[in-house]
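Below you'll find the structure, written out as structure tokens, and then a few comments.
The values are calculated or read from the model by the stated rules, or taken from the named source; none is laboratory data. Everything quoted here is computed from the prediction, not taken from an experiment. Note that we place each Cβ from the backbone using ideal geometry, even for glycine, and neighbour counts take in every protein chain shown.
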Amino acid sequence: MAACWVPMGCGASDEYAAVRAPPTEGSLPASTVRALQACAEKHAGRLGRHAYEIDFQVELTDNQVSKVRPKGPRLDDAGLEQCMMAALRTIADAGYTPNPDALISRGGLLPARGLLANVSVISQLIRLAPLVVSASGVTIVVGVAVLVVAAAVSYKDAADEEAEKERCKKVKQGCIESCADTILDQGIHEPHFTRCLRACMEKANCL
């Protein structure tokens, strides 16, 4: 009765094709390995074959497991699957979460006085090295992919935001005057004036 790691071979299949080329990084925590082995020792005697492969996807949000689900071929015993899923729920963040400084923010508002924040939710799929557990003459290869869901937040002081609004207000006034001189004075009206105004403000990064 033992649990061991096996390297990912070149011909290994990937059940998580939705995320391109997930890297193989790290391994399951020792406590989770022991729990998976205990599941095999408790339930493997009810299985009908001597060899199985099963994959699980573990979703990790805020350093905690939020969801575990099997992927691909299933085991003959629902009790063993449930036991393994419960064991995988014990995984804590073992360095899977990306460095927030490397994530890209795409906009949002932080509900804190005087602070604005750009927030984005980034997901990253990491396939761990497969684990082999065995008991009662049955060998099970357990594949685990960790889907890390992380939020990247970049803060911006409200005073800076107000200063930027004031700058663009002045830019707009200047653009109106410039376009009036070059467009309206020539007797040319819409939509040429609006196009001139937009181009002027875009050039100043105020759109």
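Report, by residue number, each residue of the range 30-68 that is among the aliphatic types (A, V, I, L, M) and without any contact (Cβ under 8 Å) to a residue 40 or more places away in the chain.
Restricting attention to the range 30-68, the residues satisfying the condition of being among the aliphatic types (A, V, I, L, M) are 30, 33, 35-36, 38, 40, 44, 47, 51, 54, 58, 60, 65, 68.
Correct list: ALA30, VAL65, VAL68.
The selection criterion, being under 40 Å from the mean Cα position of the chain (by Cα), part of a helix (DSSP H, G or I) and at pLDDT below 80, holds for ALA159. Taken residue by residue, the range 122-145 has at least one member that is modelled with pLDDT under 85 and over 30 Å from GLN37 (Cα atoms). Of the set (1) more than 30 Å from VAL65 (Cβ to Cβ); (2) at pLDDT below 90, all apply to ALA152 but (1).
Restricting to the range 183-207, name every residue that is modelled with pLDDT under 80 and assigned to a helix (DSSP H, G or I). Please lay out each step first, then the result.
Filtering the range 183-207 for residues modelled with pLDDT under 80 gives 183-190, 207.
Answer for the range 183-207, where residues must be modelled with pLDDT under 80 and assigned to a helix (DSSP H, G or I): LEU184, ASP185, GLN186.
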